[in-house]
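Below is one structure; the comments refer to it alone.
Every read-out reported here was derived from the displayed coordinates using simple, explicitly stated rules and does not represent laboratory data. None of these values were measured; they are calculated from a predicted model. Using ideal geometry, Cβ is built from the backbone for each residue, glycine included, and neighbour counts are taken over all protein chains shown.
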Amino acid sequence: MNEVFVEKFGGASVNSSEAIKNVASIILSQNKKRLIVISAMGKTTNHLERVLNCFVENKFIDKSSIEESKNYHKTIINNLFPNEDEDLNKFLDITYKEIENKLLGYNIDKDYDKLYDSIVSYGEIIGTTIISKYFDSIGLSHKFILATDLIKTDSSFRRAKVLWKETEDTILNKIEPLFNSTDTIITQGFIGSNQNNEITTLGREGSDFSAAVFAYCLNANSVTIWKDVPGLLNADPKYFEDTMKFEQVPYSEAIELSYYGASIIHPKTIKPLENKSIPLFVKSFISPKEEGTKIDCCSNTKPLMPSYIFKDNQTLLSIFPKDFSFVVEENLSNIFALFAKYGIKINLMQNSALSYSVCFDQIKEELLKKLIDELSSTYSVKYNNALRLITIRRYTEEAINNLFIGDKIIIEQRSRLTAQFLVKL
């Protein structure tokens with residue numbers, strides 16, 4: 001297959017009519033074959049989660065959130081199409097009615113995760129349908145295809161695992177022929193389908209990973225993820241005024257940064273690209289001519305400097321054997337099994353002779369209560385919420401001192417390249 005490039009736009013890059021016009025201008029400025037991966041517009045996923053959770057918890061349809069989401073998309077449609085597009089508005093009405101009917105017709109005691117995927121996935125389908133219609137209206141030749149027809153997964157709803165062989169065969173069989181008649185193909189991020197053709201999702205913020213899957217299967221020349229920042233920064237501008245951009249980062253360092261919580265890249269995105277030496281570019285849709293950051297098989301980060309990663313809304317759970325015995329391997333295996341059962345990813349752990357402490361993203365109160373209840377049959381348990389986990393990669397003493405966190409530290413850990421601090425806010 002000839003050269004193919006994968007580009008991903010999501011969230012802020014498609015959150016308004018002006019943003020969508022900007023995406024079109026970026027695509028029109030490039031003369032190449034490309035697969036465009038698009039995620040839901042703006043905060044659509046959050047809106048749909050709110051509708052779903054209201055129904056599950058309160059047993060009624062949250063009409064106000066439905067209307068809010070629908071009107072948000074209608075505003076974008078009306079701004080993109082000066083002469084009202086009846087077909088798109090009708091499509092929205094039908095789609096949101098489908099969402100209501102799916103909720104009303106589903107046994108909510110049966111499988112929340114399956115229901116989640118079937119509802120939240122509408123965000124990607126709505127967004128790409130609107131953008132595809134806009135591209136038609138300005139003469140941007142392209143083909144539209146559903147990612148559910150391309151990415152095949154198992155049935156682990158909300159965190160589906162890609163079936164790589166089936167996915168690669170499907171993508172090559174369906175995508176390659178389309179490139180014979182167009183240079184641009186549009187599809188969705190985040191979503192796929194299982195072997196029963198039920199919609200699955202790849203995990204929150206999984207559109208970056210979708211782009212990597214497509215690139216891997218197509219042997220793409222590169223992947224570009226378009227963000228509202230100039231590239232991969234050494235800190236989040238929300239917390240630091242004087243952030244600096246990396247020009248080039250090795251795959252291994254990008255994996256470390258995403259593992260520790262750097263929100264610019266989805267954690268699973270890097271490995272498929274590394275396996276085929278496909279470079280990843282992180283660029284700004286606000287300043288598309290700027291270089292951005294290149295992630296590839298280089299040996300060193302350029303420039304070499306500390307990276308700061310902040311994760312708020314952390315919970316610290318400390319566990320003590322009731323009989324004051326030592327914490328041994330058997331205790332730890334039981335504790336790990338419980339965390340796996342509840343699908344909780346541990347961000348930091350520390351053990352002493354008489355206790356074991358874990359830090360993880362805050363979870364719903366009822367889920368935390370269930371976890372503590374199970375642990376309490378064998379252990380004494382204490383916990384704290386609303387903490388912040390700070391990770392510094394390639395730390396120096398100066399970098400640590402710049403944080404001014406001395407008297408707030410609950411847990412501190414250091415290895416050769418990484419320092420972590422769990423702190424009170």
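With contacts defined as alpha carbon pairs under 8 Å and 6 or more residues apart, what's the relative contact order of the chain in percent?
Numbers: 787 pairs, mean separation 55.2, N = 425.
Dividing the mean separation by the residue count of the chain yields 13 percent.
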PHE336 paired with ASP136, simple spin-label distance in nm, labels 7 Å along Cα-to-beta-carbon: 5.3
Rg to Rh quotient for the chain, alpha carbon positions, Kirkwood Rh: 0.98
Distance (nanometres) between label positions extended 7 Å along Cα→Cβ at LEU367 and PHE60: 2.7
Extended-chain gain in nm, criterion 0.36 nm per residue less alpha-carbon gap, ASN351 and SER377: 7.4 nm
Per-residue ³J(HN,Hα) for the stretch 169-180, Karplus 6.51 cos²θ - 1.76 cosθ + 1.60, θ = phi - 60°, Hz, x for Gly and Pro: 4, 5, 4, 5, 5, 9, 7, 3, x, 5, 5, 6
In order through the stretch 55-60: 3J(HN,Hα) via Karplus (6.51 cos²θ - 1.76 cosθ + 1.60), integer Hz, x for Gly, Pro: 5, 5, 7, 10, 6, 8
Length-normalised contact order of the stretch 307-424 in % [C-alpha pairs under 8 Å, at least 6 apart]: 34
Which of GLU247, GLU67 has the fewest Cβ neighbours within 10 Å, and the rest in rising order: GLU67, GLU247
Amide proton proximity set for ASN313, modelled H, under 5 Å, gap of 5+: LEU387
Potential extension, GLU3-ILE409 segment - 0.36 nm per residue separation minus Cα distance: 141.1 nm
Spin-label pair ASN78/ILE94, simplified geometry with 7 Å Cα→Cβ offset, distance in nm: 2.2
Rounded Å value of the spacing that divides the Cα centres of the stretch 25-41 and the stretch 86-142: 21
Pairs beyond 23 Å (Cα-Cα), from LYS110/LYS271; LYS8/LYS245; LYS345/LYS382; LYS74/LYS364; LYS268/LYS311; LYS32/LYS165: LYS110/LYS271; LYS74/LYS364; LYS32/LYS165
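Rounded to a whole number of µm²/s, how large is the Stokes-Einstein D of the stretch 5-227 at 10 °C and 1.306 mPa s, given Rh as the Kirkwood radius over C-alpha pairs?
On the way: Rh = 17.7 Å.
Rounded to a whole number, D works out at 90 µm²/s.
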Excluding exposed DSSP-loop chymotrypsin sites (Phe, Trp or Tyr not before Pro) (at most 12 other C-beta within 10 Å), longest clean stretch of the chain: 61-323
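What does the charge count around TYR122 come to, taking other residues whose C-beta lies under 12 Å from its C-beta (Lys +1, Arg +1, Asp -1, Glu -1)?
Here the count lands on -2.
Can you give the relative contact order of the stretch 110-187 as a percent, counting alpha carbon pairs under 8 Å and 6+ residues apart?
Working: 64 pairs, mean separation 27.2, N = 78.
The value is 35 percent.
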Loop-exposed trypsin sites (Lys or Arg not before Pro) per DSSP, neighbour cap 11 Cβ within 10 angstrom, longest uninterrupted part of the chain: 111-237
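Using 0.36 nm times the number of residues separating THR418 and LYS276, minus their current alpha carbon distance, what extension gain do you get?
Working: separation 142, 0.36 × 142 = 51.12 nm, distance 2.76 nm.
Additional length available on full extension: 48.4 nm.
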